[in-house]
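Undergrad: Structure below; questions to follow.
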Amino acid sequence: MKDVMESWQLWAALAACFAALTAIFAKVGIENINSDFATFIRTAIIFIMVFAILIIGGHWQNPATVSAKTWWFLILSGLATGASWLCYFRALKIGEAAKVAPIDKLSVVLVAIFGAAFLGEKLSPASWLGVVMIGTGAALIAWKG
């Protein structure tokens with residue numbers, strides 16, 4: 001069981017399932033509310049949930065033990081996440097979930113490109129073909145006639 005719980009594939013699949021539910025729940029939830037305020041509520045819930053998980057799991061860490069580099073990159077990541085969520089909720093407010101979500105998933109394509117360009121990650125030709133297919137599929141879903 002421990003091996004299963006440490007499988008990145010399991011956690012990635014669960015993330016995809018929860019992300020799909022996020023789009024559906026959010027689309028219904030933002031019907032009569034400003035999308036930025038909806039993002040605030042969502043973020044507050046996430047903060048409370050993650051704080052509880054840290055405390056219950058005994059994973060709290062003294063913030064002073066975190067390096068400056070780690071702080072800066074986590075701050076940048078948090079800012080990017082916040083911007084992404086604000087844009088995502090705004091798009092959901094005015095667009096169809098089935099069209100917004102695929103465009104949002106173009107992040108998969110961008111991660112592959114950025115990972116190769118900035119982190120030196122190497123994808124096989126088959127992996128690059130998959131990246132192209134993801135991008136093409138997202139475009140076909142979002143911009144269908």
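Undergrad: Exactly one condition in (1) under 27 Å from residue 133 (Cα atoms); (2) touching a residue at least 12 places away in the same chain (Cβ under 8 Å); (3) of a type in the set (Val, Ile, Thr) is false for residue 81; which is it?
TA: Condition (2) is where residue 81 drops out.
Undergrad: For residue 115, indicate whether it is under 22 Å from residue 73 (Cα atoms), surrounded by 11 or more Cβ atoms within 10 Å (Cβ to Cβ) and not β-branched (Val, Ile, Thr).
TA: yes
Undergrad: What number of residues within the range 122-145 are surrounded by 10 or more Cβ atoms within 10 Å (Cβ to Cβ) and in a loop (DSSP other than H, G, I, E, B)? Break it down stepwise before answering.
TA: From the range 122-145, those surrounded by 10 or more Cβ atoms within 10 Å (Cβ to Cβ) are 123, 127-143; that's our starting set.
If we keep only those that are in a loop (DSSP other than H, G, I, E, B) as well, we get 123, 143.
Result for the range 122-145: 2.
Undergrad: Residue check, residue 60 against (1) free of Cβ contacts under 8 Å to residues at least 60 places away in the same chain; (2) part of a helix (DSSP H, G or I), all met but one. Which one?
TA: It is condition (2) that residue 60 fails.
Undergrad: Further question: Which condition number in (1) touching a helix residue (DSSP H, G or I) at 6+ places or on another chain (Cβ under 9 Å); (2) exposed (fewer than 10 other Cβ atoms within 10 Å of the Cβ) is the one that residue 66 fails?
TA: Condition (2) is where residue 66 drops out.
Undergrad: Quickly run through the range 1-12 and pick out the residues that are open to solvent by 60 Å² or more (accessible area, probe 1.4 Å) and under 22 Å from residue 43 (Cα atoms).
TA: Narrowing the range 1-12 to residues open to solvent by 60 Å² or more (accessible area, probe 1.4 Å): 1-6, 8-9, 11.
Once the filter is applied, which keeps residues that are open to solvent by 60 Å² or more (accessible area, probe 1.4 Å) and under 22 Å from residue 43 (Cα atoms), the range 1-12 yields only 11.
Undergrad: Same structure again: Does at least one position in the range 115-129 carry a residue that is among the basic types (Lys, Arg) and over 23 Å from residue 24 (Cβ atoms)?
TA: Yes: one or more hits.
Residue by residue, here is whether (1) open to solvent by less than 100 Å² (accessible area, probe 1.4 Å); (2) out of contact with any Gly (no Cβ under 7 Å at 6 or more places or on another chain); (3) in a helix (DSSP H, G or I); (4) not hydrophobic (A, V, I, L, M, F, W, C) holds:
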site: 14; (1), (2), (3), (4): yes, yes, yes, no
site: 20; (1), (2), (3), (4): yes, yes, yes, no
site: 23; (1), (2), (3), (4): yes, yes, yes, no
site: 27; (1), (2), (3), (4): yes, yes, yes, yes
site: 32; (1), (2), (3), (4): no, yes, no, yes
site: 39; (1), (2), (3), (4): yes, yes, yes, yes
site: 42; (1), (2), (3), (4): yes, yes, yes, yes
site: 47; (1), (2), (3), (4): no, yes, yes, no
site: 50; (1), (2), (3), (4): yes, yes, yes, no
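Undergrad: Would you check if there is a residue in the range 83-103 being part of a helix (DSSP H, G or I) and more than 26 Å from residue 24 (Cα to Cα)?
TA: no
Undergrad: With respect to residue 94, determine if the residue is in contact with a His (Cβ under 8 Å, 6 or more places away or on another chain) and either open to solvent by 90 Å² or more (accessible area, probe 1.4 Å) or of a type in the set (Ser, Thr, Tyr) (or both).
TA: Judged against the criteria, residue 94 is not a match.
The values are calculated or read from the model by the stated rules, or taken from the named source; none is laboratory data. As the structure is a computational prediction, the values presented were derived from the model and not from experiment. Because the Cβ atoms are built from the backbone with ideal geometry, glycine has one as well, and the counts that use them run over all protein chains shown. Heads up: the accessible areas ignore ligands, DNA and RNA and are worked out on the full protein's heavy atoms, side chains in. Shrake-Rupley method; radii C 1.70, N 1.55, O 1.52, S 1.80 Å.
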